[in-house]
Amino acid sequence: MSDPAERAGIAEHVDADVADLVEEPRGVAPDDPAVTGDDRRAPIANAPSGEQPRGMAPAQRPAATPDRTLHMIGNAHLDPVWLWPWQEGYQEARATFASALDRMDEYPDFIFTCDQIVLLSWVEEQDPDLFARIQERVAEGRWVNVGGWWVEPDCNMPMGESFARQGLYGQRYLQSRFGRISTVGMNVDPFGHSASLPQILRGHRMDSYCFLRPGPHEGDLDETLFHWESADGSRVLAYRIPFEYCSPPGDVSGQTEKSLAQLDRSFGEMMVFYGVGNHGGGPTKANIESIHRYDRMGSFGRMTMSSPRAYFDEMLARGEGFLEALSVRRDDLQHHAPGCYSSHSGIKAWQRRAQWAVLSAERWAAIDTALTAAEYPREDLERAWKQILFNQFHDILPGSAIEPSYDDARDQLGEAVAISKRIITRAHNRIARRIDIPMDTATQPVVVFNPHPWPVSVEVDMQYGAQPRGVRIVDHEGDPVVSQATQSTATTGDMSRGAVTFRADVPALGYALYRMLPGPALPVETGLEVSDDGTVIENAHLRLELDPRTGDVVSLLDKASGADPLAGTRGQPRTAVCDDPTDTWGHRVISYAWPGAAMTLDRIVVRETGPLRSRVRVERSWGASTLVEEYLLSHDARAVRVDVTIDWREKAHLLKLRFPVGLDDPSATYEIPYGTIERPVDGAEEPAQSWVDLTGTVGGAPAGLTVVCTAKHGWDVSPAGSAGLETASIGITAVRSPVYSWHDPRLLDPEGVYAFQDQGVQRFGLELIPHAGDWREAQPTRRAAVLGAPVRAQLESFHDGDLPPRDGFADDGGGAVMVTAVKGSEDTPDIAAADLIVRAVETRGEPARARIELPLVGRTIEGEFRPHEVRTFRVPLDPSGEIVEVDLLEWPLGEQPT
């Protein structure tokens, strides 16, 4: 049948017949004279399958109906990127939301639950009429927005500040378009959840949380409903979704039965999620009609169209006695797909680079606005942040998407970095042009900018030209600073091109003026020594020793305390190459800490010697792959930096970089977003932000080793006798090379052609920090920040100015409480201006008092912090304005947005 009008007529006729059937009085006696011939019909009883009239009035359920209420949560989980590019997700958002709205027109009781705010923004920009229909249904209460975050991100690897911005942009979008925010957090598909999330959710004004993973088979979490509490004491009411968050398009009996099998039914109320998902789709007619059918039949209990908010409200209404009886979880929610902590090294590195870049851009933009009254680039920063947040989606950042999607991710994160660099460069030049730099034609001014709200003392690498005899460095008063010639990045016949590395001491979130003078640096004795073969490097504080046969670090002595956490580890290999047949996600993997093949030492080369630093290059190879580690020790450093370059050519293999320690009774601490957590020394593959510490004793004396690495997130801490070592060790999964988007149980065709991840060159940095038994003294969170976001130096000209040669704009004191954000406020009456937003977190897991100096605006913030507590303050540029504590949405605590 091809004629549209004819098809429409038949459809209308069928609908009329159905309407007649629905409107027939129920329970009519067969001999009723009013009902004769073909009109005589018996009432429908049970109908577990097959056709049935639509719109039947609810019947009284059987008395045997189970005494429980199932909150049926209609949703459409939509991965904007996974086995398809974002452009396909963009279209599917519109199609899925249109379908949900159509179901609302057809079924007056249907309620739709929506999360991932980016999907709403996509629909708003491409189909305003459809978006207007959504707004109407939100106002009606049948379209329920939950989650409150821009996307469902990976919930382990992004920085704490990224989680803060997920809600900042997500919740503010909801408030601006719908007049209400979400009060329920929802991340149904991510592969694990950091222990610090309850505090972040509370900071976003959400009191509850829905998640799926880990399932009961993947960890020690047995509860369905429980309190989840972070280290600062913040709590949310958490619900583990049973079985699945989406369902097949047919009836929901299978989904409901499997959900009931995993639920704690003692509560009498539970949520069952349904609707076609992953590629969107949402609840179908068959889904909805089967819910009506099974509700009439009483098959599973009372079944009601509902939302997560309605369920949590009913739980909260049960009162303190019920709530106090629930268990309290004070831990991560792990583990699912541990391979994703290391899949696709590129996306991890791009993300870190972009996050550090935009955080620096915010700081310098805020300073620029306060100093020069320049317009705060709020829209540019928002665009950069949204590119970052989108690419933290739980199938992008974990490395589980198809290969072409990473071309898009690289481009989008590159846009975020490019936006940030433009903002930073503009602000630095506006500040630099105001520095008073007297004329001295024999010198070249250099201004060094520190993006961190504490003073730093770091090496600065500068390229220069027109100086065939080299250069030396002096500070703004003309006093020499320690420097040495290094290798230029240019390899040409122009011998006047060169490079110098010098020590810069820069005020907190500020700048310092230096000058280059012609001629080589004057000799100076700093006590830095390196052996001729490069196997020993030492300064006044540390002594590093390499094994000349293997290139492995076998000793790292802290001279002040006598602690050497690597004592007794000679002969324990630091590299392990393993055949890795696991899929992209690492499904069912507990540990990658297996004995592996050690890479072969090719050579040890001394690359740099001088008064400032020494650099020793260790080259290794295995198969077609190479590993280069360059150990850098500065003359006064208390940590060893390692620059790592890997050229990986192995398929379905992994490389662990392992750091054996000679510690007895070790305990392990990992950095997580906005905090730290202790985990067992058991070899499990675990996620970490930027560092892991192992602390114990050597010869009865306390000692420990902290390893900092900003671009890698898959770690293990293994006990003695495991991972092929006799001693305990810290391991970093440096490379995994599975097939893109290969999901077990599908088997790979031995003759198939596949694309493998992480082929080629990658670079990242490490720091090795020995200590006398307390990682807090090493301040690894601050070290990771400086490693991830280096200072920036620029050449400058001579000019008069009203700024001194050195200045700082914000200083957190360098103690336990660390400032993580200095930015312009989102709410400012003058759109071109911006009050300061200052956020800080306690980093040591102990109560602390903070004093944050803000000379930029002549203000000081003081306050007490609970362990790992995050606090945010709004500081008016007007000196008479009151400093107000705000939440992560930048709204005053306890106040409703206007």
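Readers should treat all values here as calculations from the given coordinates under stated rules, not as data from a laboratory. Please read these numbers as outputs of a predicted model, since none were measured by experiment. Please note: Cβ atoms are built from the backbone with ideal geometry, for glycine as well, and neighbour counts cover all protein chains shown.
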What does the charge dipole of the stretch 325-440 about its Cα centre add up to, to the nearest 20 debye, if the Cβ of each Lys and Arg holds +1 and the Cβ of each Asp and Glu holds -1? 320 debye
Going out from 0 in 5 Å bins, what whole percent of all Cα-Cα distances in the stretch 408-495 drops into each bin? 2, 9, 15, 17, 20, 17, 12, 6, 2, 1
Sequence order, the stretch 488-497: Karplus ³J(HN,Hα) from phi using 6.51 cos²θ - 1.76 cosθ + 1.60, θ = phi - 60°, Hz rounded, Gly and Pro as x, gives 6, 7, 8, 10, 9, x, 7, 6, 7, 6
For the stretch 811-827, take each phi angle, set θ = phi - 60°, evaluate the Karplus expression 6.51 cos²θ - 1.76 cosθ + 1.60, and give the result in whole Hz per residue in order, putting x for glycine and proline. 9, 8, x, x, x, 5, 8, 10, 6, 9, 8, 10, 8, x, 6, 7, 10
Do any chymotrypsin sites (Phe, Trp or Tyr not before Pro) in the stretch 636-702 lie in a DSSP loop with no more than 14 other beta carbon atoms within 10 Å, and if so, which? none
Treating the beta-carbon of each Lys and Arg as +1 and of each Asp and Glu as -1, no other charges, what is the dipole magnitude of the chain about its Cα centre, to the nearest 20 debye? 1800 debye
Considering amide H positions built from the backbone, and no H for Pro or chain starts, which residues 5 or more places from Val735, or on another chain, come under 5 Å of its amide H? Leu655
Only one of the values (i) 49, 47, 25; (ii) 89, 32, 23; (iii) 56, 32, 25 was calculated from this structure for semi-axes √(5λ) of the Cα gyration tensor in Å; name its label. (iii)
Using the Cα centre of the stretch 444-520 as the reference point, and only Cβ charges (+1 on K/R, -1 on D/E), how large is the resulting charge dipole? Debye, rounded to the nearest 20. 220 debye
Summing +1 for each Lys or Arg and -1 for each Asp or Glu, what net charge is found among the other residues whose Cβ lies under 10 Å from the Cβ of Pro377? -2
So if I take the centroid of the Cα atoms in the stretch 687-725 and the same for the stretch 619-660, what is the distance between those two points in Å? 17 Å
Structure shown: which of Lys712/Lys823; Lys386/Lys421; Lys258/Lys285 lie over 19 Å apart, alpha-carbon to alpha-carbon? Lys712/Lys823; Lys258/Lys285
Enumerate by residue number the trypsin sites (Lys or Arg not before Pro) in the stretch 143-205 meeting two conditions: DSSP loop (anything except H, G, I, E, B), and at most 15 other Cβ atoms within 10 Å of the site's Cβ. Arg180
Over the chain, calculate the relative contact order: mean separation of alpha carbon pairs under 8 Å at least 6 apart, over the residue count, as a percent. 12 percent
Quick check on the chain: helices-only [θ] at 222 nm, where DSSP H runs of length 4 and up contribute -39,500 (n - 2.57) each and the sum goes over total residues. Nearest 500, please. -7500 deg cm²/dmol
Quick check on the stretch 627-698: what does the Kirkwood estimate of hydrodynamic radius come out to from the alpha carbon pairs, in Å? 15.1 Å
